[in-house]
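K.L.:
Before I ask anything, let me first share the structure, which is written out below as structure tokens.
We did not get these values from a lab; they are worked out from the coordinates using the rules stated. Since the model is a prediction, treat every value here as computed from it, not as a measurement. Quick reminder, even Gly has a Cβ in these numbers, built from the backbone with ideal geometry, and neighbours come from all protein chains shown.
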Amino acid sequence: MKKVDHIGIAVRDLKEVLPYYTETLGCPLLKIEEVSSEKVRVAFIDAGNIKLELLEPLDDTSAISKFIEKKGEGIHHIAFGVENIEKRMEELREKGVRLLNEQPKAGAGGALVSFLHPKSSNGVLYELCEKQ
């Protein structure tokens, strides 16, 4: 793992919460994009030494929508920056870690991503994130 790349935060409505991050906390908004494969709209916030990804579900079938329904808004995942994500995934499998996907998939910001199953990570959803 190179570093913590970002923290994903599930939110119901970006328009409602963005002023808290940008005006109250004074963190710059870097960009907003849709990740159709995950059915989310993502706002990237620069929080100094780390980025925050605010994740808004695009519909009720989104994993983020289901997360909010079950647990409410809040921290969804912690992402580690990695090099050679496929190799890292294989190393983790060899150590008995369950992954939520067999192959890396396209994530926000053009990254390749893979998620570790929370049951293998003491209840925390971790993401591996390889920037292109």
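K.L.:
Applying the Karplus parametrisation 6.51 cos²θ - 1.76 cosθ + 1.60 with θ = phi - 60° to the phi angles of the range 93-104, what ³J(HN,Hα) value in whole Hz is obtained for each residue in order, glycine and proline being reported as x?
P.N.:
Along the range 93-104, the couplings run 4, 4, 8, x, 7, 7, 10, 7, 9, 6, 10, x Hz.
K.L.:
Another question about this same structure. Order these peptides, 31-39, 90-98, by their mean beta-carbon neighbour count within 10 angstrom, highest first. List each step's numbers first, then the result.
P.N.:
Working: 31-39: 13.8, 90-98: 11.6.
So the order, starting with the most tightly packed, is 31-39, 90-98.
K.L.:
Sum -39500 (n - 2.57) across every DSSP H segment of at least 4 residues in the chain, then divide by the residue count to get the 222 nm mean residue ellipticity, nearest 500.
P.N.:
-5000 deg cm²/dmol, from helical runs alone.
K.L.:
Now, a different point. With the Cα gyration tensor of the chain in hand, give its eigenvalues times 5 under a square root as the equivalent ellipsoid semi-axes, listed largest first in whole angstrom.
P.N.:
Over the Cα atoms of the chain, the ellipsoid semi-axes are 25, 17, 13 Å.
K.L.:
Give me a comma-separated list of calculated 3J(HN,Hα) values for the range 42-50, in order, Karplus coefficients 6.51, -1.76, 1.60 applied at θ = phi - 60°, integers in Hz, x for any Gly or Pro.
P.N.:
10, 9, 9, 10, 8, 9, x, 8, 8
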